[in-house]
Amino acid sequence: MELIALQSTRNGLKGVIEIPGDKSISHRSVMFGSIAHGVTRVTNFLPGDDCLSTISCFRKLGVVIEENENELTIHGNGFDGLKEPNEILDVGNSGTTIRLLLGILAGRPFYSSLIGDASIGKRPMTRVTEPLRTMGAQIDGRKNGEFTPLSIRGGDLNPIHYNMPVASAQVKSALILAGLQAGGETIIIEKTESRDHTERMIRKFGGEVGKDNRTITVKGCQKLIASDILVPGDISSAAFFLVAGAIVPDSEIVLKNVGLNPTRTGIIEIMNQMGANLEIHNHDEDAFEPVGNITIKTSSLKGTVIEGDVIPRLIDEIPIIALLATQAEGTTIIKDASELKVKETNRIDTVVQELSKMGASIEATDDGMIIHGGTSLRGGTVSSHGDHRIGMMLAIASLLCKDEVQLENPEAISVSYPNFFNHLNSLKK
């Protein structure tokens, strides 16, 4: 088992970081480049393990994709250009890859098999497979398609009118991608608004998607045209340094070119609500995906209640928000976040378990957690449990510990942020 020793910082965190490309948008740039007609060029692509799994899958589907560090050239031939794979499509640790790919494959008249790592094998797939079956795809797998491995034979799809039982951008995106291939108009009604990168990318590639409040309308049989994509920095990755800058004494960090899509900025709203010394500048709201720079300084924070519609807009940031709350004055309560139980780990239990080892006063609830602030953290041995966001959260927590922290399974962090430790060390003076 890999182990890394982490030390606290004595002089605060200071410097400028160019945040790596957004993982969600990087995934989608490969997918849309592959199903569009023409050559798509992607810059600031995130070469993390998850996104590389997406590239691998589409190459097996016959798409020519050229890589040059964080730039891609994708030679797309439309939906019909995808070919039956000779090999199993391995999505690795990526839930985004498998769920969105199922939406694409649902309309393809050939057979595919999909598998992932042990974590993917525990994540529920019926939320995607059931509505895709209703549209006409033949899908089977372990426990009747609830878990991987999965097999899918696609073909002619019927449009669907679907009320989503859970707020999930992955499920919504899978149904939109299937709807683009269906014979008619597909209507999807969201329970709560989730990230809208798929809808934005359809428009970027010349397609049409309607949105009225939480109702999304997709016309079938659309032809997408190649488009160049500049991937903004990932706010979910930036979140770790936003929290670090707020809780480590004598800190000031500038994060450049961060994606500021309104469906993703819940972390900023909550930090402002808690009193963070945070400023956004050079904000370009008219870009394909809004971007800007963020300056964060050491802050005096107060506890808060986090619940309701904001949860889908910061679901990936909840582990690091829990750490933030340990350093705030008063109690923070997180509700309506049961979706955390079906991420790479059960993030409710894992966050509580690992932060408790470090001395935090935190307890799990059925749909979230209660964190009592103002606590000092201590060193010791903690584990990422193979979850990249847990690993990064614990690395930030180590900055506040007098004693050394031993982090097990730090390699999980490469899923979304291969240069995380280099960037973290660059801020220590």
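A few comments on the model shown:
- Within segment 385-403, residues that are over 16 Å from THR350 (Cβ atoms) and outside any helix (DSSP H, G or I) sit with their Cβ atoms under 7 Å from residues that are at pLDDT 95 or above and open to solvent by less than 10 Å² (accessible area, probe 1.4 Å), at 6+ positions apart or across chains, in these pairs: LEU399/ALA244; LEU399/VAL248; LEU400/VAL248; CYS401/MET358.
- Those residues of segment 258-277 which are outside any loop (DSSP other than H, G, I, E, B), surrounded by fewer than 19 Cβ atoms within 10 Å (Cβ to Cβ), touching a Leu at 6+ places or on another chain (Cβ under 9 Å) and touching a residue at least 24 places away in the same chain (Cβ under 8 Å), in sequence order: GLU269
- Only one of the numbered conditions (1) touching a residue at least 12 places away in the same chain (Cβ under 8 Å); (2) more than 20 Å from GLY33 (Cβ to Cβ) is violated by ALA226, and that is (2).
- Among the residues examined, SER151 qualifies as without any contact (Cβ under 8 Å) to a residue 60 or more places away in the chain, open to solvent by 20 Å² or more (accessible area, probe 1.4 Å) and under 28 Å from CYS221 (Cβ atoms).
- Filtering segment 296-347 to residues that are among the acidic types (Asp, Glu) and assigned to a helix (DSSP H, G or I) leaves ASP309, ASP316, GLU317, GLU339.
- Here the condition is being touching a residue at least 40 places away in the same chain (Cβ under 8 Å), assigned to a helix (DSSP H, G or I), more than 23 Å from ILE17 (Cβ to Cβ) and of a type in the set (S, T, N, Q); of THR198, THR192, it holds for THR198 alone.
- When PHE110, PHE58, PHE79 are screened for being at pLDDT 95 or above and closer than 26 Å to SER237 by Cβ, only PHE58 passes.
- Scanning segment 84-115 for residues that are without any contact (Cβ under 8 Å) to a residue 40 or more places away in the chain, open to solvent by 10 Å² or more (accessible area, probe 1.4 Å) and closer than 27 Å to GLU130 by Cβ gives GLU84, PRO85, GLU87, ASP90, SER113, ILE115.
The values are calculated or read from the model by the stated rules, or taken from the named source; none is laboratory data. All figures in this text were calculated on a predicted structure; none of them were measured in a lab. When we count neighbours, we look across all protein chains shown, and the Cβ atoms used for this are built from the backbone with ideal geometry, even at glycine. Surface areas here come from the heavy atoms of the whole protein model, side chains and all, with no ligands, DNA or RNA. Shrake-Rupley method; radii C 1.70, N 1.55, O 1.52, S 1.80 Å.
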